[in-house]
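The values are calculated or read from the model by the stated rules, or taken from the named source; none is laboratory data. This structure is a prediction, so every number in the text was calculated from the model and none was measured. Heads up, the Cβs are rebuilt from the backbone with ideal geometry, glycines too, and the neighbour counts pull from every protein chain shown. Just so you know, the surface numbers come from the protein's heavy atoms only, side chains and all, with ligands and any DNA or RNA stripped out. Shrake-Rupley method; radii C 1.70, N 1.55, O 1.52, S 1.80 Å.
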Amino acid sequence: MFKVSLVTLSVAAASSAYSAGFSLGDQSATASGSALSTAAASSEDISFSYWNPALFLNAKKNTFYVSGAYIMPKMDVSNIEAKDAAGQSISGSSTNTDSVDNAIVPSLYYAMPLSDDTVAGFSINAPFGLSGDYGDDWAGRFHATETGLQDIALSFSLAHRVNDWFSAGASVQVHKAEVTLESAVGTTVPSQGGEGLGKIEADDIGYGYSLGVLFTPVKGTRIGVGYRSKIDFDFEGDVKYTSDSPTFSGLVSAKSLVDADVSDSLTFPDILTISLEQALTPKLKLGLSVIRTGWSSMDDGLNIDFDSDQDNSKLTFGFEDQWMYSAGLTYDYSKKLTLRTGIARDNSPVTDEYRSARTPDGDRTWYSMGGTYHFSETSSATFAYTYVDIEDVSVDRTDLDEDSARGTYSADYSSSASVISLAYNMSF
């Protein structure tokens, strides 16, 4: 099962259309049903340990939880205008509607009680992901053709109940991240070298941790705080260039565009989650959460160093720390059926100045609903649906020095996503 889980995660495509930046929010179908409103405080199951490792204490027996989100994004790009580095207008459609594909994001959790007050836990998640492919012939190809980022995290946790009102947990994590960046290079003018395609592939292993506490001051009130640390990566890989232009070899012979090793350092952001789960009646619970993501750790963006005479390739992200706010309700309709709903506002870290074809991000509003059906005391299935409404944004890359080799690019973006999540929970 462990090997199958790793393979499933490694081939899963990730999409940036679900959560702001390139964070993937669906780590639990249960949490998604109420828009993450009880992410760090829920009493429902062990999948909430992603936000707060102390919540592995939700397991009273050996428990297995597997969840998967099927993301169906939609992104329409219009009013595309682009010029290459030589100032020549680039031919191509003024619209693009097929740059993002449907994707699956799975997660897996296992809890093993060591005593009545201590639980050991294990999980595999894909915390961050980004996927997009505009194609090789669109007008903005010098800014991006393919973009891919995949982060797989393996976590080992321990949670302990100190007394009736206080519990704590911690985990250590191993992250394996891979990055793919592809774009057109050179110029559309054959006499100046012609046009080619450059593709960078790099990877690295990073390490992180998480900490969490849970307070139960009175019966029916749970307050949780969880923290996931930053992860430092020193990516290493290579760049390869291809071209159908007979004059592109001039750029190769000048050693400005040759296959070479590449490197870059990135720090993925930390995440702080504060949640309240409050019983309003014996059957109805209110959830409130705020989630802060420290996106400023990636403010400088990409600064790719080539092991050749080629100048560094820079793409400033200009990310800012942002908050997500959510509220939701959970209703025990019967002994077998629990229903959920929620709404959330997920603010984008991207600034107007540095928004790019690789990060055409906008603020999001989540509308969520879901439910859990309990087959027995030890087995249940969960369903959730989330519609993500993303604000319309514009990309204007017409006055940045770092685009001197890419040329200029501007376009309007309209995006949304539908997400279906399913999970199965079993204890034994």
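Working only within the range 287-298, note down all residues that are touching a strand residue (DSSP E or B) at 6+ places or on another chain (Cβ under 9 Å) and open to solvent by 50 Å² or more (accessible area, probe 1.4 Å).
First pass over the range 287-298, keeping only residues touching a strand residue (DSSP E or B) at 6+ places or on another chain (Cβ under 9 Å): 287-295, 297-298.
Correct list: Leu288, Arg292.
Within the range 19-28, does at least one residue satisfy the condition of being out of contact with any helix residue (DSSP H, G or I) (no Cβ under 7 Å at 6 or more places or on another chain), more than 30 Å from Lys283 (Cα to Cα) and without any contact (Cβ under 8 Å) to a residue 40 or more places away in the chain?
Scanning the range 19-28, I find no residue that is out of contact with any helix residue (DSSP H, G or I) (no Cβ under 7 Å at 6 or more places or on another chain), more than 30 Å from Lys283 (Cα to Cα) and without any contact (Cβ under 8 Å) to a residue 40 or more places away in the chain, so the answer is no.
Among the residues of the range 21-66, which ones are within 14 Å of Met426 (Cβ to Cβ), within 22 Å of the chain's Cα centre (by Cα) and not in a helix (DSSP H, G or I)?
Tyr65, Val66
Restricting attention to the range 324-349, which residues are open to solvent by 40 Å² or more (accessible area, probe 1.4 Å) and at pLDDT 95 or above?
Going through the range 324-349, the residues open to solvent by 40 Å² or more (accessible area, probe 1.4 Å) turn out to be 325, 329, 331-337, 339, 341, 343, 345.
Correct list: Tyr325, Leu329, Tyr331, Asp332, Tyr333, Ser334, Lys336, Leu337, Leu339, Thr341, Ile343, Arg345.
Please determine whether any residue of the range 50-59 is open to solvent by 10 Å² or more (accessible area, probe 1.4 Å), modelled with pLDDT of 95 or more, of a type outside the set (A, V, I, L, M, F, W, C) and touching a helix residue (DSSP H, G or I) at 6+ places or on another chain (Cβ under 7 Å).
Checked against the condition, which is being open to solvent by 10 Å² or more (accessible area, probe 1.4 Å), modelled with pLDDT of 95 or more, of a type outside the set (A, V, I, L, M, F, W, C) and touching a helix residue (DSSP H, G or I) at 6+ places or on another chain (Cβ under 7 Å), the range 50-59 yields at least one hit.
Conditions: (1) within 30 Å of the chain's Cα centre (by Cα); (2) open to solvent by 20 Å² or more (accessible area, probe 1.4 Å); (3) over 28 Å from Ala327 (Cα atoms). Gly301 meets all but one. Number of the miss?
Failed condition: (2).
Keeping to the range 68-111, report how many residues are surrounded by fewer than 15 Cβ atoms within 10 Å (Cβ to Cβ) and among the hydrophobic types (A, V, I, L, M, F, W, C).
Result for the range 68-111: 1.
Can you work out which of the residues in the range 254-271 that are more than 30 Å from Arg292 (Cβ to Cβ) and among the charged types (D, E, K, R) is nearest to the chain's Cα centre (by Cα)?
Per the criteria, the residue is Asp261.
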